[in-house]
1. Kindly provide the helix-only [θ] at 222 nm of the chain, computed as the sum of -39,500 (n - 2.57) over DSSP H runs of four or more divided by all residues, to the nearest 500 deg cm²/dmol?
2. Excluding the sites themselves, what is the longest stretch of the chain that contains no trypsin sites (Lys or Arg not before Pro) in a DSSP loop with at most 16 other C-beta atoms within 10 Å?
3. Please identify, among Leu211, Leu33, Leu90, the residue showing maximal mean-square fluctuation in a Gaussian network model of the chain using a 10 angstrom Cα cutoff.
4. State to the nearest 20 debye the size of the charge dipole of region 144-186 about its Cα centre, where the only charges are +1 on K and R beta carbons and -1 on D and E beta carbons.
5. Skip the ligands, DNA and RNA, and give the accessible area per residue of the chain with a 1.4 Å probe, whole Å².
6. How big is the dipole moment of the chain about its Cα centre under a simple scheme where the beta carbon of each Lys and Arg is +1, that of each Asp and Glu is -1, and everything else is neutral? Debye, nearest 20, please.
7. Could you tally the net charge around Ser94, taking each other residue with its Cβ under 11 Å from the Cβ of Ser94, Lys/Arg +1 and Asp/Glu -1?
8. Treating only the Cβ of Lys, Arg, Asp and Glu as charged (+1, +1, -1, -1), what charge dipole size does region 1-115 show about its Cα centre? Round to the nearest 20 debye.
Amino acid sequence: MTSQNVVGRFFDVRGGQVYAHVREGDGPVLIFLHYWGGSRRTWIPVLQRLDPGQGFVAYDQRGWGDSTSVPGPYGLDQLADDAQRVIDALGHPSYVLVGHSMGGKVAQLLAARKPAGLRGVVLVAPAPPAPIGVTEQVQETVSHAYDNEEAVLQSIDLMLTRGGLTPELRRQVVEDSLRGGDEARLEWPHQGLVQDVSAGVSAIEVPVLVLAGSHDKVDPPTVLADHLLPLIPTATLTVLKDTGHLSPLEVPDQVAAHIGAFVAQL
């Protein structure tokens, strides 16, 4: 990002350091958790559209982006621990978790722990707390989604988007998907995708905004309405127009506007 008040920073986590872009600003600070295959860069179009005074941290989760050298385990519990370490190191009194897809499941897991300072949660096309219709065949297919450039492009066109990505963003998605470490890449389809975190999410007491893509084939609005909303009493669902699963890249205007309005209401 080119914004002068955004700084690069490393945060200590177990076994290494994760890389982040940080902007000091008004609270509550936003903690951005990217999807499986993404990186902090996935959020750039959204970050550029936030209020200039809004503080945030967008970091590469363990095994992805500039955090690929951080060793495993890469499971959801470890990723939630990492997020807590980042939050603790920031030392900000209040924050909002913003998680996309896999990052949304990490956010649910962390929010269920009722961490100090948590003011709200925004779940963007989140993976539901418990797996819905995930067969071994589905897991096998997903595990090969990022095998090579051809596979990633096919995933973009058939599953991840409604077709609204610029050539630059398509390249970015390919680069980020292929850059992930092998273990991190396989952890989600084999373990994270089927991990059931539903027992804890009913304990979430802060407001939760769920943003579902109108044309999302991965986590459709109907699935989230039926299998996520009933489990989190504080959750409300908003459908984003004209987007697939990668809404932070496809419709960043909508995503940023909803995040801004949500934070303003807290």
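The values are calculated or read from the model by the stated rules, or taken from the named source; none is laboratory data. Please read these numbers as outputs of a predicted model, since none were measured by experiment. Counting neighbours? That spans all protein chains shown, and the Cβs are built from the backbone with ideal geometry, glycine included. Ligands, DNA and RNA are stripped out before the accessible areas are found, and what is left, the full protein with its side chains, is counted by its heavy atoms. Shrake-Rupley method; radii C 1.70, N 1.55, O 1.52, S 1.80 Å.
1. Working: 11 runs with 96 residues, N = 266.
So the helix-based figure for the chain works out to -10000 deg cm²/dmol.
2. Numbers: sites that count: Arg14, Arg49, Arg113, Lys217, Lys241.
The answer is 114-216.
3. Between Leu211, Leu33, Leu90, it is Leu90 that shows the largest mean-square fluctuation.
4. Numbers: 5 positive and 9 negative charges, 42 e Å.
In debye, rounded to 20, region 144-186 gives about 200.
5. Working: 10800 Å² over 266 residues.
Value for the chain: 41 Å² per residue.
6. Values: 19 positive and 30 negative charges, 127 e Å.
Charge dipole of the chain: 600 debye, to the nearest 20.
7. Numbers: positive: Arg119; negative: Asp26.
Around Ser94, the surrounding residues sum to 0.
8. On the way: 11 positive and 10 negative charges, 38 e Å.
The calculation lands at about 180 debye.
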